[in-house]
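First up is the structure itself, then whatever we jot down about it.
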Amino acid sequence: MKLNTKQTVLIGLSFASILAFWQFYDQVVPVILENHFSLSTAATNTIMSIDNILAVFMLPLFGTASDRTRTRMGRRTPYILFGTVAAVALMIVLALLTEGGSFWGFFVCLMALLVVMSVYRSPAVAYMPDVTPKPLRSKGNAVINLVGYIGGIFSTVAITLLLKDHVTSDGAVEYDTFIPIFAAVAVFMLITVLIMVFTLNENKIVREANVRDDDDESAAPAGGKLDKAVFKSLVFILLSVFLWFTAYNGVTTAFSRYFEDRFGVGAGGSAIYLTVATIAAIASFVPLGIISSKLGRKKTILLSIVLMTACYVGIIFISDIGATAQKIAAFAVFALVGVGWAGINVNSFPMVVEMCHSSDVGKYTGYYYAFSMAAQIFTPLLSGQLITYFGYRILFPYAVVFSTLAFVTMCFVRHGDSKPTEKKSLLEHFDVDD
């Protein structure tokens, strides 16, 4: 049994398109809201949180809708293609509204864009499990994440090259135009998805993959309820997803302000540490996918949680980022954070969809993302309140607590840890029978 890497890379192009958008959204939209439309930080943060609120409700909804869709293009492709085309069109309108200075027009268009992005995210992510045998889904998810990060990197580079600013006489920062960055990201999104659509026939590759649940006792029957024990595992892994996202996003949300408060280092100086974590994650995606196929998904996740918790503890004891030894230690710690985060992400999503019937992959994909998004709504509120009372020194102890809780809940997960089965003869190694 071997992963079809070329096919998986092509499927991953839709994920690259999605990550390109969200990297652009997270970096550029706050700038437009604060610098161009002169909104307060509180108002900007409120608007920026709407996408997470929409996702909690819409991702399971449209994941389920795509499960039930039957077209000549397949189940997932119509959502991905028409969702991307609609998103690109709205981005062009949004760019023009930005230049025109119409805030309410911008706001309405932005809300429409966020709805469209929520429509096709679950179908795009569910595509890979549809055509990948269960034991290979961690490897497949590693490839999908690796390709997806290309989209994030593209947007980061494009922002650096295309978003030009200048300082006015009164010291304010103004941007010349936002149209080139909107156009670049929109074109990237459209091209990557069109390549996927025109090189893959979804119905054909689904038939050829022949991914079946017939012999899987842990999976629910088509459209049916989970076995009680499997349902318990599903609940605990979704709780784990919520908890480790609460820990990790609590850190990333307040990261630059933590470095500024604790070490006197500005956002530009602290960003390098998250960049190191990102590079380490990218480098470890595929090796971790291979390791998890040998060691098992659950063990890999548990070890990754331990690694990340230890890193959170380690950062607490770094007292002077200016000292060479401690700066080197900080780089090493954040590199390990990236590895740990990759180990969790490569394996957690496959474990969730392992528990469902192949006809319900979109719905369970929606559940996975709903819990991760819920954490991203919850953690800025709670961590913000704690920081208000205790100061930024509470940030990493906060992460340690929720990461430890994730380890505990993960220990109760008993299903979703599929491994390749032993073949009885040489010929069986050429069969895809799971």
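The values are calculated or read from the model by the stated rules, or taken from the named source; none is laboratory data. The structure presented is a predicted model; accordingly, all values stated were derived computationally and were not measured. Note that we place each Cβ from the backbone using ideal geometry, even for glycine, and neighbour counts take in every protein chain shown.
Within region 95-115, which residues are within 18 Å of S38 (Cβ to Cβ) and not aromatic (F, W, Y)?
Scanning region 95-115 gives L97, T98, E99, G100, G101, S102, G105, L110.
Go through region 59-88 and give me each residue that's among the acidic types (D, E) and free of Cβ contacts under 8 Å to residues at least 40 places away in the same chain.
First pass over region 59-88, keeping only residues among the acidic types (D, E): 67.
Once the filter is applied, which keeps residues that are among the acidic types (D, E) and free of Cβ contacts under 8 Å to residues at least 40 places away in the same chain, region 59-88 yields nothing.
Of the residues L59, L3, the single one that is touching a Lys or Arg at 6+ places or on another chain (Cβ under 9 Å) and outside any helix (DSSP H, G or I) is L3.
Residues in region 111-170 that are among the polar types (S, T, N, Q) and either assigned by TED's automatic domain parsing to the domain that holds A277 or in a helix (DSSP H, G or I) (or both): S118, S122, S138, N141, N145, S155, T156, T160. Selection over region 321-360 of residues that are under 21 Å from I279 (Cα atoms) and hydroxyl-bearing (S, T, Y) gives a count of 1. A single entry from T41, T46 fulfils the requirement of being closer than 21 Å to F245 by Cβ and modelled with pLDDT under 85: T46.
This table checks each residue for (1) closer than 30 Å to F198 by Cα; (2) of a type outside the set (A, V, I, L, M).
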{"position": "T5", "(1), (2)": "yes, yes"}
{"position": "F15", "(1), (2)": "yes, yes"}
{"position": "F21", "(1), (2)": "yes, yes"}
{"position": "L33", "(1), (2)": "no, no"}
{"position": "N45", "(1), (2)": "no, yes"}
{"position": "M48", "(1), (2)": "no, no"}
{"position": "M73", "(1), (2)": "yes, no"}
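When region 250-277 is examined, which residues are found to be under 30 Å from V9 (Cα atoms) and either crowded, with 20+ Cβ neighbours inside 10 Å or not assigned by TED's automatic domain parsing to the domain that holds I344 (or both)? Y273, A277 - these are the residues of region 250-277 that are under 30 Å from V9 (Cα atoms) and either crowded, with 20+ Cβ neighbours inside 10 Å or not assigned by TED's automatic domain parsing to the domain that holds I344 (or both). Checking T365, T379, T421 one by one, the residue that is modelled with pLDDT of 90 or more and of a type outside the set (A, V, I, L, M) is T365 and no other.
For region 380-394, the tally of residues that are closer than 12 Å to V251 by Cβ and in contact with a Lys or Arg (Cβ under 9 Å, 6 or more places away or on another chain) stands at 2. Filtered by the rule that a residue be loosely packed, with under 15 Cβ neighbours inside 10 Å and either touching a strand residue (DSSP E or B) at 6+ places or on another chain (Cβ under 6 Å) or free of Cβ contacts under 8 Å to residues at least 40 places away in the same chain (or both), region 40-58 gives S40, T41, A42, A43, T46.
Can S359 be described as in a helix (DSSP H, G or I), small (G, A, S) and within 19 Å of A406 (Cα to Cα)? Here the answer is no, as S359 does not meet what is asked.
None of V339, V346, V286, V313 is hydrophobic (A, V, I, L, M, F, W, C) and within 30 Å of T388 (Cβ to Cβ) except V313. Here T71 meets the list (1) over 24 Å from the mean Cα position of the chain (by Cα); (2) assigned to a helix (DSSP H, G or I) almost entirely, failing just condition (2).
Yes or no: F37 exposed (fewer than 15 other Cβ atoms within 10 Å of the Cβ) and in contact (Cβ under 8 Å) with a residue 24 or more places away in the chain? Talk me through it step by step, then tell me what you get.
Working: exposed (fewer than 15 other Cβ atoms within 10 Å of the Cβ): no; in contact (Cβ under 8 Å) with a residue 24 or more places away in the chain: yes.
No: the conditions fail for F37.
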